[in-house]
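The values are calculated or read from the model by the stated rules, or taken from the named source; none is laboratory data. Just so you know, these numbers come straight off a predicted model, no measurement behind them. Using ideal geometry, Cβ is built from the backbone for each residue, glycine included, and neighbour counts are taken over all protein chains shown. Remember, those area values only see protein heavy atoms, side chains included, never the ligands or the DNA or RNA. Shrake-Rupley method; radii C 1.70, N 1.55, O 1.52, S 1.80 Å.
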Amino acid sequence: MVTNQASIKRDGVQDFVSLRTTAIVILAYSIFMLWFFVSTPTVTYEVWSGLFSNLAVKVFTLAALVSVMIHVRIGLWQVLTDYVKPHNVRAVIQFLLNLIAFAYVAVGLFVLWGV
Amino acid sequence: MNKQRPVNLELNTISFPPSALVSILHRVTGVALFFALLLVIGAWASSLTSAESFASVTELMNGVIGKLLVIGTVSALTYHILGGVRHMFMDMGHFEELESGNNSAKFIIGLWIALTVVMGVVIW
């Protein structure tokens with residue numbers, strides 16, 4: 001157990017907890033964005049870039065993107081293990097999808113850096 | 001495992017109980033959202049580069065295809081959230097019996113359709 005917790009190796013409990021904690025962050029971010037669009041009469045470029053220049057919003061956005069990366073790492077793995085049986089094919093697909101998920105985080109980081 | 005056992009994979013002939021439908025839709029919307037994020041993050045990234053690109057992203061999103069993509073993405077996210085919240089209730093020991101499970105499944109499908117109609121009207 002101790003080595004499991006200290007290494008990147010996952011187990012069922014970790015997946016269970018990670019899936020739900022990341023889901024809560026994504027849910028909170030979705031509600032935040034819904035609130036923004038509902039409470040803002042017209043979203044202009046000034047309002048939009050003003051929103052993402054706020055440090056708290058930057059942190060929240062990056063947290064949501066990292067949560068998405070962890071969430072899809074588990075979720076897509078669950079789906080793929082059910083439908084893609086050959087190990088090598090699944091490994092390649094998972095590698096590519098996780099690379100895309102990482103790219104989401106990286107794009108988010110650099111965009112937030114520049115606002 | 002006996003590999004000779006009969007396997008029925010004709011999904012169109014199998015009747016899905018509500019709880020099974022909710023489960024498969026949770027997967028479908030999850031995978032769909034992952035790919036929708038390509039467009040969402042792409043649009044978000046370019047909308048923040050300059051006022052001109054913000055205007056062109058807005059213009060694309062106000063087109064027919066743009067609006068359909070936005071409604072589809074928001075609808076998928078709404079469904080995935082409803083299914084996820086149902087999962088959290090099940091973690092706490094609710095809706096685990098046949099009847100309550102199917103009722104909660106019917107409830108979130110109904111709520112999802114209602115919310116999609118409302119958001120569809122607002123976005124259009």
**Report entry** Top-ranked residue in the stretch B:1-22 [being touching a residue at least 12 places away in the same chain (Cβ under 8 Å) and open to solvent by 40 Å² or more (accessible area, probe 1.4 Å); ranked as nearest to B:V70 (Cα to Cα)]
**Finding:** B:L21
Query - Every residue from the stretch A:35-60 that is more than 9 Å from chain B (Cβ to nearest Cβ), surrounded by 13 or more Cβ atoms within 10 Å (Cβ to Cβ) and closer than 27 Å to B:E59 by Cβ - result: A:F36, A:L51, A:S53, A:V57, A:K58
Report summary line: Residue set B:G42, B:G30; condition among the small types (G, A, S), within 30 Å of A:W113 (Cβ to Cβ), within 11 Å of chain A (Cβ to nearest Cβ) and open to solvent by 30 Å² or more (accessible area, probe 1.4 Å); output residue B:G42
Requested in this report: Select from the stretch A:61-115 the residues that are among the basic types (K, R) and open to solvent by 70 Å² or more (accessible area, probe 1.4 Å) and write down the one among them that is farthest from the other protein chains (Cβ to nearest Cβ).
Outcome: A:K85
Query - Tabulated pairs, the stretch A:66-92, first under 25 Å from A:I26 (Cβ atoms) and assigned to a helix (DSSP H, G or I), second open to solvent by 50 Å² or more (accessible area, probe 1.4 Å) and of a type in the set (A, V, I, L, M), C-beta under 6 angstrom, 6+ apart or interchain - result: none
Report summary line: B:E59 passes all but one of the listed conditions (1) of a type in the set (D, E); (2) away from every other protein chain (no Cβ under 12 Å); (3) under 27 Å from A:A28 (Cβ atoms); the exception is number (3)
Query - Boolean, A:A28 is within 19 Å of B:L82 (Cα to Cα), surrounded by 12 or more Cβ atoms within 10 Å (Cβ to Cβ) and more than 9 Å from every other protein chain (Cβ to nearest Cβ) - result: yes
